[in-house]
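Comments concern the structure below.
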Number of protein chains: 2
Amino acid sequence: MKIALDVMGGDRAPGEIVAGAVEGAREHKLEIVLVGRRSVVEVELARHDTNGLALSIVDAPEVVSMNESPAASFRAKRNSSIAVGLGLLRDREVAGFVSAGNSGAVMAAALFLLGRIKGIERPALATVFPTLPGKCLLIDVGANADCKPPYLAQFGLMGSVYMEKVFGCHHPKVGLLSNGEEDSKGNLLVQEARPFFQSVPVNFVGNVEGKDIPYGLADVVVTDGFTGNVALKLSEGIGEVLFQLLREELTKGLLSQAAAAALRPAFRRVRQRLDYQEYGGAPLLGVEGACSIAHGRSSAKAIKNAIRVTRQAAEGGVVAAIAERAGRLVGATRGT
Amino acid sequence: MKIALDVMGGDRAPGEIVAGAVEGAREHKLEIVLVGRRSVVEVELARHDTNGLALSIVDAPEVVSMNESPAASFRAKRNSSIAVGLGLLRDREVAGFVSAGNSGAVMAAALFLLGRIKGIERPALATVFPTLPGKCLLIDVGANADCKPPYLAQFGLMGSVYMEKVFGCHHPKVGLLSNGEEDSKGNLLVQEARPFFQSVPVNFVGNVEGKDIPYGLADVVVTDGFTGNVALKLSEGIGEVLFQLLREELTKGLLSQAAAAALRPAFRRVRQRLDYQEYGGAPLLGVEGACSIAHGRSSAKAIKNAIRVTRQAAEGGVVAAIAERAGRLVGATRGT
């Protein structure tokens, strides 16, 4: 199996991206197609021992920057690493594509080059969220700032398939994020979306609150891309600030410093459970191909793990399973 | 100065509420009017040494339960502790009112009995959010699940006044919560709300992201009541789960246990900074009176602190200042 990787995208590209590819090829035993400026990629590859690894390069002379307009970048740069990589996926040259680049540009190009899965009106970006018992999938975290009610039910379907196929989660509980657990709670979007969950093949458990996410009351938490994005970034910020406050307090005084040093491995284990790098990539669900968008700040480790989950999505047949279940209900949940 | 307290509202009423009143009267040197069933209040008061404290009782024979419909409860129970307490505030018998009861019922009754401040289309619930440098005010956290664009600018005005008058925050920075910092980001509501911030007298700093809240990039973070409620409850959940994970990890092994014991005071200091009980009550801003809604799970300490912040809002003249500034712009930010 081959996975294509956008070598030019991300705050730490190309160095960390290529390093992640090398680690990924070694650890996951698959072929990685490095998409980017050939000369740049070759220089980076030369820093590593790639003996025996399945790494190839596909030249893409153009680069989309992080702040470029998604639609304009796609029109202007048909030879960007994003467009070339997604072209390989469309032509079945590779089984998946990973980019840590401009997420809007990746979404726009994926929609154009891969197309939507039939029955899915809008692709959505999902992310794995650490919880007390393990993890859940939050969907959408930014692809659609404004949603129509049926989209949310379709997000629930896609998230449910992903949790099943990639993490082996049996009969995932799908919750609708709201401002209260009672059926009467919700904004207009949530209230109008709720009936649509009855017509999709998911284990719908009703409304969940913000607090229920970290406690893991649902395996899939569905929300619009605005609320999901706020929730995701807020969580990142709270985690960072909390550890910073703890570090400040724990290093006041010599006794504290000694005790804190003794506890470093325990802290590391907790941080690791909360680390976005463990899952590396946010799957873009609803397009005709296994495509993941990694965090802009991705390290080599994050890229390596993004390659792993993208491979799992491809091997698990996530796209085909979404297409099959969404196909059964075309018409039933379509928007107004 | 007198503050009225709903003794019957909250998961731990009446015991913890009366205990909070006793502590508050002692510590804050003010008169507290306990509103509730006289016989119940008398039994609870008898458990405490109230010698020399200014505590009085106003009988309110009816109780609104936590799950009752707000509008129906108000129509059916004109002698509830919520309605009687707010009546005292309307009649200027007291300077403020605190309830840990059914928040929907308090909001409905406050709107009816106190009325809206002229120029403010919708009251909003605000809450103090701990940040790395100190604290910010998140508004709205649940009063309005769906908002029109001008409401958000009015929330910014009210939050700004509150941070100035209660916490002495100079020229508070007001941010609009969005899914990205760039002006182009936001859902439709945020995009349409942004221009309205130009016509209110606040120090508007533009969009802020979820991550910016704990980092304290704004003193007032404005959002609709749906997103704000999700953000608030998510934060509570993350804090609780993180400390639970840390506790589990830190008590594995004897060395860890000893080290963790040495660090207990440091942990306590961090938890205290993040503790909702420190501010106790969420001010309901936009009604004609200083009214706070305390957390349903409020302890005596939370109630004591809610009394303190409600008194500060009353003494600081928050209602008059909002009325004055909103009066200047009536028409300018009114909705469509």
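Identify, from the list A:SER81, A:SER65, the residue that is surrounded by 18 or more Cβ atoms within 10 Å (Cβ to Cβ) and either of a type in the set (Lys, Arg) or under 20 Å from the mean Cα position of the chain (by Cα) (or both). Please lay out each step first, then the result.
Numbers: A:SER65 fails: surrounded by 18 or more Cβ atoms within 10 Å (Cβ to Cβ).
Checking each option against the conditions leaves just A:SER81.
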Quick count over region A:260-287, residues being more than 20 Å from A:GLY225 (Cα to Cα) and not in a helix (DSSP H, G or I), is 3
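Given the criterion farther than 22 Å from A:ALA313 by Cα and in contact with a Gly (Cβ under 8 Å, 6 or more places away or on another chain), identify the matching residue among A:VAL64, A:VAL98. Don't jump to the end; show me each part of the working.
On the way: A:VAL98 fails: farther than 22 Å from A:ALA313 by Cα.
One residue alone meets the criteria, A:VAL64.
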Any residue at all in region A:95-114 that is of a type outside the set (D, E, K, R), at pLDDT 95 or above and farther than 25 Å from A:ILE32 by Cβ?
no
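Would you list the helices (runs of 4 or more DSSP H) that sit entirely within region B:1-108 and hold 3 or more residues that are in contact with a helix residue (DSSP H, G or I) (Cβ under 9 Å, 6 or more places away or on another chain), of a type in the set (D, E, K, R) and touching a residue at least 24 places away in the same chain (Cβ under 8 Å)?
Numbers: elements: B:15-28, B:38-45, B:70-76, B:81-90.
In region B:1-108, the matching helices (runs of 4 or more DSSP H) lie at B:15-28.
Listed here are the residues, each with its yes/no results for (1) surrounded by 23 or more Cβ atoms within 10 Å (Cβ to Cβ); (2) assigned by TED's automatic domain parsing to the domain that holds B:ILE293; (3) in contact (Cβ under 8 Å) with a residue 60 or more places away in the chain.
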site: B:ASP140; (1), (2), (3): yes, no, yes
site: B:ALA143; (1), (2), (3): yes, no, yes
site: B:PRO149; (1), (2), (3): no, no, yes
site: B:PRO195; (1), (2), (3): no, no, no
site: B:ILE213; (1), (2), (3): yes, no, yes
Quick check, is A:VAL141 closer than 20 Å to A:ILE213 by Cβ, of a type in the set (Val, Ile, Thr) and either at pLDDT 95 or above or in contact with a strand residue (DSSP E or B) (Cβ under 6 Å, 6 or more places away or on another chain) (or both)? yes
Okay, helices (runs of 4 or more DSSP H) sitting entirely in region A:131-238 with 1 or more residues that are touching a Leu at 6+ places or on another chain (Cβ under 8 Å), of a type in the set (A, V, I, L, M) and within 12 Å of chain B (Cβ to nearest Cβ), I get A:188-193, A:212-215
Residue hits (region B:109-128; assigned to a strand (DSSP E or B) and surrounded by fewer than 23 Cβ atoms within 10 Å (Cβ to Cβ)) are B:ARG116, B:VAL128
* Asked: If you check B:ALA261 against the conditions, is it touching a residue at least 40 places away in the same chain (Cβ under 8 Å), among the aliphatic types (A, V, I, L, M) and more than 7 Å from chain A (Cβ to nearest Cβ)?
  -> no
Notebook entry, point to check: Does B:GLY10 satisfy being under 16 Å from B:GLY85 (Cα atoms) and at pLDDT below 95?
Noted result: yes
Given (1) within 12 Å of chain A (Cβ to nearest Cβ); (2) touching a residue at least 24 places away in the same chain (Cβ under 8 Å); (3) surrounded by fewer than 17 Cβ atoms within 10 Å (Cβ to Cβ), B:GLU315 misses just (1)
Restricting region B:242-285 to residues that are surrounded by fewer than 18 Cβ atoms within 10 Å (Cβ to Cβ) and among the polar types (S, T, N, Q), the one farthest from B:LYS304 (Cα to Cα) turns out to be B:SER256
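The values are calculated or read from the model by the stated rules, or taken from the named source; none is laboratory data. Quantities reported herein were computed from a predicted structural model and do not represent experimental measurements. Positions of Cβ are backbone-derived with ideal geometry, glycine not excepted, and every protein chain shown enters the neighbour counts.
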